[in-house]
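Reading through the structure tokens given below for one structure.
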Amino acid sequence: MVSARIRRRAVALTALPLLVAGLATAPRADAAVGDNVNVTGNHAYTRVDGGTDPVIARCGSDNRPQNETSLAVDPLNGQQLAAGANDYCTTPVAGDAWEGLYTSSDGGHSWTLSLIPGYPGDTSPQGLSSPLHGLVGATGDPWDAFDRHGRLYAMGNAFNRAHPQNASVWVASYQRDATAPIGYQYRRTVIVASGTAGNGQFNDKVALTVDNQSARYDGTVYAAWSQFHGSGNNEIDVAVSHDHGATFSKPVKVSAGSGDNQFPDLAVAADGTAYLVWREFAGRNNKDDAIAYSTSGDGGATWAPARPLTTFVPYDKSDAPSTAAAAAAARAAGGPDYVDEEDAGGSARDCGDPPSACQSGYTFYRDDSQPRIAADANGVYVVYNELINPHDTNTTYAPGGVSQVHLWQRGTGSWNDRGLVDPAAGHQTFPTVAADGSSIFVGWVDSRVDPCFSQERPAGNCADGSAPVGGSLTSWATRLPDGGGSGQSGQVATAKWNPNWEQFSGRTVPFYGDYDTVASGGGSTYFDWTDNRDVAGYTGPNTEGNDVLGDPHVGGECSVYASTCFDLTRGLDQNEYVAQLG
């Protein structure tokens, strides 16, 4: 259960209504600035060379999920955007998910959808030459970044799900070219680090940034990730490139002295100092859950010893599986959409229908507290979500309390605790931050619209375990001045949705990814998030309200996952959405 220890009294920031450019009460077809634009909704896909193959053709008519959304804005042109997601459109033909890359040249009004080259079935010259081709069956954990010279970088992990091996992290490089089929010429993909998950080593949870602030290290590419060792003694590694992604340095472990580390993120300050932040989990060498960081002032050649920014009480969902046999059955089911996970103590991190049911009877997606970082000419900014009012509950579900987003800022001196960003009734998770030289933008997903909200339950669960009608989650953002003081806060999404649709692991559990992204560049800021508003749910008898249309568990007709059935029912139609904030 959750410890009742609290680091300190949370300091609240006064929040005022956020001025979201052009925010309407519903999405508009002409996609005016500020509208909620569906990035991935039922559009044709373009292969990097302009050709086609069965995977690309199938993706163009597919309505399968996209989640774990990444976004980058060209620092010199705020109309040039690049987004990424775990894209499941590839599963019917290629057999598993692959990282999508989506580009826009008009400020997110319209998008060209593509895939990172090298997916199974990719017959393009670029795909056949990629080191990912034939190495793995799946890629994901997308992260995107621009430099100041028209170069675009995409990072992710790569693995084989059924027999985990080649658990690698990689960076793909592109050059802006308006004549190219996707608006960028693909240059290369480089394996930054390799591992073999079957031997207990798995590289995951990546982060990527480029120095767009300093002159001395201009264009330096920083890549970080978590290296899992199978025993919970996970480390944070980082590598750098000084030749535009052609080569990367040997990985450096920056989390020495800390025992269990995940969720890295990177930013570069105006003086060229690189900041790497991550989550330390309690246990092993860590006395408390903490946000830790390291810095490099020499272009990534050396890194300072890890130090804590702050300890905190995390909001990490968990429950007890219905039975040990059921948990084993869920693991054995596997498949290209398998997402069930257990923590070190055997507790379930997501719950749904049998065999993925939990003792509380609740349905919820995986969700752990994590930090994000950004920097501009005025400072460095870190956000994370923490548990407020932690307490034990009377069920197997934990934690009791409410998750809220916290902000720290560093200027020319020490770190300054700016407190809770927008204290409110409702859980705030998946925090993300960007800065544009005058304002700090913080985004998150928010359950204050949940009519069944309780500090004793996960979002989207009424007391009897049913889903509230009409949805329970939406996206929010706050705009704060760099120099301190109150900000402007408000709802960004023009709809609310059910985050707990059971779309994964054989239609038994929800999955929402691990993060969303706010990004600034070229005088513009955008929020990019995973959105379930387009999912069609089953409304017949014998359901708690989280079964999708076509689910065979409730009599639906979609018995073959790889068929076109779910494309027609739209039961898996999870999408990536974007809106301009400023």
For the stretch 398-543, the dipole about the Cα centre with charges only on Cβ (Lys and Arg +1, Asp and Glu -1), to the nearest 20 debye, works out at 120 debye
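Residue separation times 0.36 nm, minus the C-alpha to C-alpha distance between ALA304 and HIS242: what's the value? Mind dumping the intermediate values first?
On the way: separation 62, 0.36 × 62 = 22.32 nm, distance 1.97 nm.
Extra length available between ALA304 and HIS242 comes to 20.3 nm.
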Answer in debye to the nearest 20: the dipole magnitude of the stretch 441-491 about its Cα centre, from +1 Lys/Arg and -1 Asp/Glu charges placed on Cβ, is 100 debye
Once the in-chain neighbours fewer than 8 apart are removed, the lysines whose Cα is under 28 Å from LYS287 read LYS205, LYS253, LYS317
Carbon and sulfur atoms account, in whole percent of the 1.4 Å probe accessible area of the chain, for 51 percent
In whole angstrom, the spacing between the Cα centers of the stretch 430-476 and the stretch 118-191 equals 32 Å
So the pair-distance distribution of the stretch 167-289, from every Cα-Cα distance in 10 Å bins, comes to percents of 13, 38, 32, 14, 3, 0
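What accessible area per residue comes out for the chain, rounded to a whole number of Å², with a 1.4 Å probe?
Details: 18930 Å² over 582 residues.
Here the residues of the chain average 33 Å² of exposed surface.
Counting Lys and Arg as +1 and Asp and Glu as -1, each charge on the Cβ, what is the dipole of the chain about the Cα centre in debye, to the nearest 20?
Values: 36 positive and 64 negative charges, 205 e Å.
Roughly 980 debye for the chain.
Would you calculate, for the chain, the mean residue ellipticity at 222 nm contributed by helices, counting each DSSP H stretch of 4 or more residues as -39,500 (n - 2.57) and dividing by all residues, to the nearest 500?
Numbers: 5 runs with 30 residues, N = 582.
Mean residue ellipticity, 222 nm, calculated: -1000 deg cm²/dmol.
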Along the dipole axis of the chain (charges at Cβ: +1 for Lys and Arg, -1 for Asp and Glu; origin at the Cα centre), the most positive-end residue among GLY556, ASN233, PHE453 is ASN233
For the stretch 423-509, the Cα-Cα pair-distance distribution in 10 Å bins from 0, as whole percents, is 17, 40, 27, 13, 3
Sorted largest first, the Cα spans of the stretch 70-186 on the principal axes come out in Å as 43, 23, 23
Counting every C-alpha pair in the stretch 423-582, the percent lying more than 28 Å apart is 29 percent
Cα-based Rg and Dmax for the chain, in Å, come out at 21.8, 64
Inter-part gap, Cα centre of the stretch 503-567 to Cα centre of the stretch 238-312, in whole angstrom, is 34 Å
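Given 0.36 nm per residue, what is the gain on full extension from THR564 to THR179 after removing their alpha carbon distance, in nm? The partial results should precede the final answer.
Numbers: separation 385, 0.36 × 385 = 138.60 nm, distance 3.35 nm.
Going from the current span to full extension adds 135.2 nm.
The values are calculated or read from the model by the stated rules, or taken from the named source; none is laboratory data. Note that this is a predicted model, so its numbers are computed, not measured. Ideal geometry is used to build each Cβ from the backbone, glycine not excepted, and the neighbour counts take in all protein chains shown. The area values use the complete protein model at the heavy-atom level, side chains included, leaving out ligands, DNA and RNA. Shrake-Rupley method; radii C 1.70, N 1.55, O 1.52, S 1.80 Å.
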